[in-house]
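These notes concern the structure reproduced below.
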Amino acid sequence: MWTNLAKRASSTLRNTFRVSSLSPRFCKPQTSKTINPYPFQAFPKAGVSRSKFLFYEGFSSVAEAIESTDTEDDYDEVQKLLQQMAKAEHKVDNSSSSSSYKYKLLKRRQIKSETEAWAEAAREYEELLEDMREQKLAPNLPYMKSLFLGWFEPLRNAILADQELCKDSKCRMSHAPYFNDLPADMMAVVTMHKLMALLMTNTNGVGTARVIQAACQIGEAVENEARIYQFMKREKENKSSHVVPVEQRGELTEENGEMDKKQSRLRKRVAALMKKQKKLQAMGIVRGQDDWKAWGQEAQVKVGSRLMQLLIETAYIQPPANLIGDGPPDIRPAFKHTLKTLSSESQKETRRYGVIECDPLVQNGLEKSARHMVIPYMPMLVPPINWTGYDKGAYLFLPSYVMRVHGAKQQREAVKRAPKSQLDPVFEALNTLGSTKWRVNKRVLCVIDQIWANGGRLADLVDRENVPEPKEPDTKDEAEIRKWKWKVKAVKKENNERHSQRCDIELKLAVARKMKDEEGFYYPHNLDFRGRAYPMHPYLNHLGSDLCRGILEFSEGRPLGKSGLCWLKIHLANLYAGGVDKLSYDGRIEFTENHLDDIFDSADRPLEGKRWWLQAEDPFQCLAACTNLSEALRSPTPETTISHMPVHQDGSCNGLQHYAALGRDKVK
């Protein structure tokens, strides 16, 4: 009797749980005393407690539990168990479907941020201009945004006029073949924002950018956006072409029918390849349908140069009313093209370059413009696409390359020729780095915002005020005048450095504020020419300064455990540094335990208390560690505290290892 009942229970289970062998939720079932064919054993993988569905006696399967009993009452117990398991499977399916829905929403947002960022900015300027015309009043905007708005319409109109000229078949302008691939409003926004970003972050001084560098970056950004725009436009046309009025449905030509059949065959072929797990072949067919022809660097430079020329010709600036006085309005160009002698640190020589310089009024507003900038390569809301080739991976739509070649054709071709078997370990490493989920540490960001709002000057944050220039001495003594000139030069250099640092901090904080409410985000990685891996997002990342590393933490926490608690104490001592990081592990743990009162005070009152964390070599990371450690130590069970802290590990004696490798030393 009980054998038949066991068979019925097993068959009922199989019917209840019709699970595909490919389902990721039920891979690698937990091991037990007996081989368990029932899929409910893998519920912990799906976030459902397994203990609720096993018998209280601890049996590993329904059949085993039934066979171990001899009472009639167990029949009802088995039926109840089956009902509970069916409800649990329903909950798992619901949670799976909700997570799938959430992923689709995030992916939709990611696609929108990659494909519509410039278009959104252009729409915003158009709407502001329309409001300004209707109300006949200038909108109350931040200084830099008002400048962008003032430059947008003249630049867009100039680009439109140039595009009309380029449509003429007799036009011989070098940029003509490429100038109509993107609407004028989007080209105007890309040009303004890319040039301003260069002026903010340029190593040769804030407010200056080399012409060739700016032309390359603007041209490349325009081509990338044009490629996305043309692809999206073609997709919309294909969708709309399928909607045909009833009276015209019989007028489809034989040629259109053949095209539809061809597309249908291609779709079926791609679907079949995907079903067979042959993703590379399927992606090859899809990319084969993209008929976009790359511009090349020469065409990018031509387009970028022309757009910069139009911006210089159309962008003007006027001092605020309180600086003009009673004189006539002082309207002057916002940018100018000039020659400048620049030094190269690597080659230790000076050369004259063509540069774009912005007006001092524009330069003064640069540090306040970060929050209004369009930053295209933002951290991703969904995991990046796995790398499978030189330009296959990372972002969903934005062009992504596995190596940063900076226009070096030989390096690019060498990577493309490399056998896939050699690149697979590299791809795997980059995919692992890219699949790490991060989030913003809101408590640390809040402290940074408070310090920055109060003028900086704490925790290695730069002073938000400039150093006042010394007054010219009222003397004719040449020695005194010479000293004064040297002081003025030193002050100007200091102020330029401060300005550059303020722009850098503003960009990082702008990204942190945009991402702070996200549950998590990802950093796609690629390589430089040496093979070092870097995040593709340039501003706020885990390889950046102490500010960046203090703001970022892992999105997925883990219980500390006994060893994790020790490593957290060692990590805090390493961040404090000042010689403490040279002690033994036990010495570093002892240092942390001797300063527990300071750690608790830093976590509870970072700015109002004793500010012990400010004495650390890496203050913001030290503050994050103080917060995490105090939370753990105040818990009844510190080892079970969930930690999101990245703990740094580094190799030692790397130089000696390289010398040993160069000397062909054999390890015995």
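The values are calculated or read from the model by the stated rules, or taken from the named source; none is laboratory data. Source: prediction; values computed, not measured. Positions of Cβ are generated from backbone atoms using ideal geometry, with glycine treated the same way; all protein chains shown enter the neighbour counts.
Mind listing whichever residues of the stretch 434-481 are in a helix (DSSP H, G or I), at pLDDT 90 or above and over 30 Å from K610 (Cα atoms)?
Matches in the stretch 434-481: G434 only.
Please pick out the residue among D604, D586 that is under 32 Å from the mean Cα position of the chain (by Cα), exposed (fewer than 14 other Cβ atoms within 10 Å of the Cβ) and of a type outside the set (S, T, Y). Reasoning before the result, please.
Working: D586 fails: under 32 Å from the mean Cα position of the chain (by Cα).
Every option except D604 fails the conditions.
Collect the residues in the stretch 638-668 that are touching a Pro at 6+ places or on another chain (Cβ under 9 Å) and either of a type outside the set (A, V, I, L, M) or under 30 Å from G456 (Cβ atoms) (or both), keeping them in residue-number order. It would help to see each step written out before you state the result.
We begin by selecting, within the stretch 638-668, every residue touching a Pro at 6+ places or on another chain (Cβ under 9 Å); these are 639-643.
Answer for the stretch 638-668, where residues must be touching a Pro at 6+ places or on another chain (Cβ under 9 Å) and either of a type outside the set (A, V, I, L, M) or under 30 Å from G456 (Cβ atoms) (or both): E639, T640, T641, S643.
Any residue in the stretch 306-324 that is closer than 19 Å to F179 by Cβ and surrounded by 21 or more Cβ atoms within 10 Å (Cβ to Cβ) sitting within a Cβ distance under 9 Å of a residue that is modelled with pLDDT under 80 and not hydrophobic (A, V, I, L, M, F, W, C)? List the pairs, counting only those 6 or more apart or interchain.
Between residues of the stretch 306-324 that are closer than 19 Å to F179 by Cβ and surrounded by 21 or more Cβ atoms within 10 Å (Cβ to Cβ) and residues that are modelled with pLDDT under 80 and not hydrophobic (A, V, I, L, M, F, W, C), there is no close pair.
Of the numbered conditions (1) in contact (Cβ under 8 Å) with a residue 60 or more places away in the chain; (2) farther than 24 Å from K437 by Cβ, N654 satisfies every one except a single condition; which is it?
Here N654 clears every test but (1).
Taking interchain pairs and intrachain pairs at least six residues apart, which have beta carbon atoms under 8 angstrom, with the first residue in the stretch 457-468 and within 11 Å of H499 (Cβ to Cβ) and the second of a type in the set (F, W, Y)?
Going by the 8 Å Cβ cut-off, the qualifying pairs are R464/W452.
Within the stretch 383-399, take every residue that is at pLDDT 90 or above and part of a loop (DSSP other than H, G, I, E, B) and give me the one that is nearest to Q410 (Cα to Cα).
Only one residue fits best here, namely P384.
Working only within the stretch 222-242, note down all residues that are modelled with pLDDT of 85 or more and aliphatic (A, V, I, L, M).
Initially, the stretch 222-242 is screened for residues modelled with pLDDT of 85 or more, giving 222-223.
Selection gives V222 alone.
Can you tell me which of K167, K279 is at pLDDT below 80 and more than 30 Å from M144 (Cβ to Cβ)? Explain how you work it out, then say what you get.
Details: K167 fails: at pLDDT below 80.
K279 is the lone residue from the list that is at pLDDT below 80 and more than 30 Å from M144 (Cβ to Cβ).
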